[in-house]
Amino acid sequence: MAGASTAVPAVVVRRSLAGQGADWRGLIFQGLLLLSVVITLLFLFILLADVFSRALPVFTERGGSFLSSSLSSSAARSGVIQGLFGSFVIAIIVVIVAFPIGIMTAIYLEEYAPDTRLTQLISINIRNLAGVPSVVYGLLGLAVFVQLLGPLTGGRSVIAGGLTLAVLVLPIVIITSAESLRAVPQALREAGYGIGASRWQVTRSLVLPSAAPGILTGTVLSLSRALGETAPLIVVGAVSGYFSTGNASTVDQLFGRFTALPMIVFNWAREPQQSAFGPLTAAAIVVLLLVTLSINAFAILLRNRFEKNW
Amino acid sequence: MIQSINRRLWALLIAAVLTLTACASTPGASATAGSSPSVNISGSSTVQPISEAVAERFNEDNPGTAITVDGPGTGDGFELFCAGETDISDASRAIKEEETAACQEAGIEYVELKVAIDGLSVLTSTENTGVECLTFADLYALIGPESTGLNNWNDAEALAQELGSTTDLPDAELSITGPGEESGTYDSFVELVFGDIAEERGQEEATRPDYTSSANDNAIIEGISGSPTSLGWVGFAFAEENAEVVREIAVDGGEGCVEPTPETISSGEYPIARDLYIYVNKAKMAENDALVAYVDYYLAEGVIDSVLEEVPYVPLADETLEESRSTWEGAKAGE
């Protein structure tokens, strides 16, 4: 195999030195690569152009009222404020539940746990968990957060939804954090131990600061994954129709029924009056895109802020 | 530099953990969250737009009442209703015996109120010029339990004629798209169109199993418009919304061909029409004033009529609505 792979360049070199023909295999390969890029960009462009062109009239006609209105059976009065609120609360719950638990699990597995069969088994299982379909997490959330812990979470509430999504992204947070911890050069740790630092000191002062950019990027990307999920929310019981909260305070609303941006997209796409709700669906997609894009931009900012070269 | 970053990181972590514990301790404090007046509605996705529009108007006058309207389907709605989880169950058919039994077992009594009528439209593609009107016998021969395997309209003619139909069915490919078994629209169609014929012939009251089914009405419309000689059925409201891509076929229920229109559906002339209901939990009426006020408003003079101008269903005949009102008044007096 090694002989064959060196033989090709040798032929190529000889040919090009002799002025014979071009490296056509290389050219085909390059062409295929370019084609892949074009196809990827084409689909992205078609999707964005379609969504934005259909959403534009909504934003020009409705303006801010689309963002500040509640759900309604009439397309002209419908808006996404309840979805924005739900998605915002879900994001906060994911940040305060999944991030610390996930990052600390990763630190333990990478820095503290002995490298035994058991540790490897746990790591492999966490990887598998990241591949479990999201609707399965929805069923878990329904059984645990809605039914078992119903008295604490308020049943089919935004808290139950947020906790479900936090559990959903937990494996992703752990994996990305573990990857960034593993990328920290071993020499750095050895240098720390060499000057007599304890494991805690090495982890705190050397490993974590150096892994921070990667950890932050990974975790914030997992947050945008959580915000885009619909299936678990359907199972947990996000409202599919109309809801009003009456006199409930913001705290009470956390324990009441909820909806989120992807749920709104899903429901509007099912509305019978597609001539009216079609553009609204596109507009809600744009809002969801903007929210996730701004979260990703925030992740990049954080990474640049903390990035260091060793 | 390292020191300052890592202080910040730890401050962040500690803050997160603190918020977490604070969060975990609040539920106890607000365990009485349900104290503000609330009405919880679930059930048929067909009735959902009506209950939604009524809820919206009700909230304009009573902003203090929290109302939730869901639409998982009539059957799922009754399951929640008979478990005592909802105050009102929307239904696109009358409650079934086994559902009544489940409610009784759980000790839940209810009031049944008719609120509107929905027609079911039989559809084909706008490109299909071969079919103008179908009888129940034709529909049974095309979609009924004995039609399994047929993929040409003409192949159904023999059975249709045996059942007394004289319709000329075209020699064209037959592709069927309709709602799935979980849907109230499926139940109503099978019961209204196939009920008598299936009983006579000793067949199961069902459709053929080999057709494209979807729970999403827009997907059904897409399926029907996607093939030039398609056949399918869907709620009248959906059909009217999509008149550009699908065509409604007139239906003969034994008294001549009738086109579905709001008038023919309301008068009962159009043969495939069903009543839409709301079921109200009696025990919850007693303890929840907001629920009573909401249903009062639902049935108040002019409310449903004005809602049905926006939501494309057909109003009940005046006497039927009057019946619903007196049933409701009776239920209130009975408490």
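So if we plug the beta-carbon distance of B:D210 and A:T250 into 1/(1 + (r/R0)^6) with R0 = 56 Å, what FRET efficiency do we get, rounded to 0.05?
E(calc), rounded to 0.05, equals 0.60.
Report the number of Lys pairs in chain B whose alpha-carbons are under 18 Å apart, with separation of 8 or more residues or on distinct chains. Please list the in-between numbers first.
Working: B:K96/B:K114; B:K114/B:K282; B:K114/B:K332; B:K282/B:K332; B:K284/B:K332.
Summing the qualifying lysine pairs gives 5.
Would you mind telling me the antiparallel percentage of the DSSP bridges in the range B:119-273, rounded to 5?
Taking every DSSP beta bridge with both residues in the range B:119-273, the antiparallel ones total about 55 percent.
State the percentage of accessible surface on the range B:73-200 attributable to carbon and sulfur atoms; use a 1.4 Å probe and exclude ligands, DNA and RNA.
Here carbon and sulfur together make up 41 percent of the probe-accessible area.
Taking 0.36 nm per intervening residue step and subtracting the Cα-Cα distance, what contour gain separates A:L41 from A:N296 on full extension?
Numbers: separation 255, 0.36 × 255 = 91.80 nm, distance 1.89 nm.
Extra length from A:L41 to A:N296 when fully extended: 89.9 nm.
So what's the projected area for the range A:65-306, the Cα convex hull averaged over all directions, in nm²? Provide the component values of the computation, followed by the final result.
On the way: hull surface 60.4 nm².
That works out to 15.1 nm².
Pull up all non-local amide H partners of A:G256: gap of 5 or more, or a different chain, and H-to-H distance under 5 Å with H placed in the peptide plane.
Answer set, sorted by chain and number: A:V158.
What base-10 log of the normalised intensity I(q)/I(0) is obtained for chain B from the Debye formula, alpha carbons as equal point scatterers, at q = 0.07, 0.09, 0.12 Å⁻¹?
-0.38, -0.57, -0.86
How large is ³J(HN,Hα), in whole Hz, for each residue of the range B:88-93 in order, when computed from phi with the Karplus curve 6.51 cos²θ - 1.76 cosθ + 1.60 and θ = phi - 60°, using x for Gly and Pro?
Ordered by residue, 3J(HN,Hα) equals 10, 10, 7, 9, 9, 7 Hz.
To test your reading of the geometry: what angle, between 0 and 90 degrees and rounded to tens, separates the Cα axis of helix A:24-62 from the longest principal axis of chain A?
For helix A:24-62, the angle is close to 20 degrees.
So, how do all the Cα-to-Cα distances of the range B:119-273 break down into 10 Å bins, in percent, from 0 on up?
Result, from short to long distances: 12, 46, 38, 4 percent.
Please calculate how many Å² of accessible area the range B:119-273 carries per residue, with a 1.4 Å probe and no DNA, RNA or ligand atoms counted. Spell out each step's value before the answer.
Values: 6550 Å² over 155 residues.
Value for the range B:119-273: 42 Å² per residue.
Working from Cα positions, state the angle (0 to 90°, nearest 10) between the long axis of helix A:2-18 and the longest principal axis of chain A.
It works out to around 80 degrees.
Within chain B, which DSSP H helices have Cα atoms that stretch 27 Å or more along the helix axis and a mean Kyte-Doolittle hydropathy of at least 0.5?
Result, helices passing both filters: B:2-29.
Can you list residues whose amide H is under 5 Å from B:I117's amide H, if they're 5+ apart or on another chain and H is modeled 1.01 Å from N?
Placed amide hydrogens put B:L276, B:V314, B:L316 under 5 Å from B:I117.
So which trypsin sites (Lys or Arg not before Pro) in the range B:56-103 are both in a DSSP loop and have at most 14 other Cβ atoms within 10 Å of their Cβ?
Sites meeting the loop and neighbour criteria: B:K96.
Any idea what angle helix A:261-270 forms with the longest principal axis of chain A, computed on alpha-carbon atoms, 0 to 90 degrees, nearest 10?
Long axis of A:261-270 versus the principal axis of chain A: about 70 degrees.
Under 5 Å between amide hydrogens, which residues at least 5 positions from B:S214 or on another chain qualify, with H placed 1.01 Å from N in the peptide plane?
Placed amide hydrogens put B:G178, B:G180 under 5 Å from B:S214.
Quick check: convex hull of the Cα atoms in the protein assembly as shown, volume per residue, rounded to a whole Å³?
It comes to 248 Å³ per residue, whole-number rounded.
Loop by DSSP (not H, G, I, E, B), at most 15 other beta-carbon atoms within 10 Å: where is the longest site-free stretch of chain A for trypsin sites (Lys or Arg not before Pro)?
Counting at most 15 other Cβ atoms within 10 Å as exposed, the longest clean stretch of chain A is A:78-307.
Of the GluC sites (Glu not before Pro) in the range B:194-299, which ones lie in a loop per DSSP and count no more than 16 other C-beta atoms within 10 Å?
Those that pass, being in a loop and sparsely packed, are B:E204, B:E205, B:E244, B:E255, B:E269.
Could I get the Rg over Rh figure for the range A:200-310? Both from C-alpha atoms, Rh via Kirkwood, rounded to two places.
1.14
Please give me the summed charge of the neighbours of B:E79: other residues whose Cβ is under 10 Å from its Cβ, Lys and Arg +1, Asp and Glu -1.
Net of charged neighbours comes to -3.
Pick from B:I95, B:I41, B:I249: which is most flexible by mean-square fluctuation in a GNM of chain B where alpha carbon atoms under 10 Å apart are linked?
Maximum fluctuation in the GNM of chain B, among the listed residues, is at B:I95.
Determine which residues of the range A:250-276 fall in the zone a paramagnetic label at B:V245 would reach in this model, i.e. backbone nitrogen under 13 Å from the point 7 Å along Cα→Cβ.
Once the point is set 7 Å along Cα→Cβ of B:V245, A:270-276 turn out to lie under 13 Å by backbone N, inside the range A:250-276.
Kindly compute the accessible surface that chains B and A hide from a 1.4 Å probe when together, both sides summed, and give it to the nearest 100 Å². It would help to have the intermediate numbers written out before the result.
Working: alone 16360 and 17380 Å², together 30160 Å².
Summing both sides, the interface buries roughly 3600 Å².
The values are calculated or read from the model by the stated rules, or taken from the named source; none is laboratory data. Small disclaimer: the values here were computed from a predicted structure and weren't measured. Note that each Cβ is placed from the backbone with ideal geometry, even for glycine, and that neighbours are counted across all protein chains shown. Just so you know, the surface numbers come from the protein's heavy atoms only, side chains and all, with ligands and any DNA or RNA stripped out. Shrake-Rupley method; radii C 1.70, N 1.55, O 1.52, S 1.80 Å.
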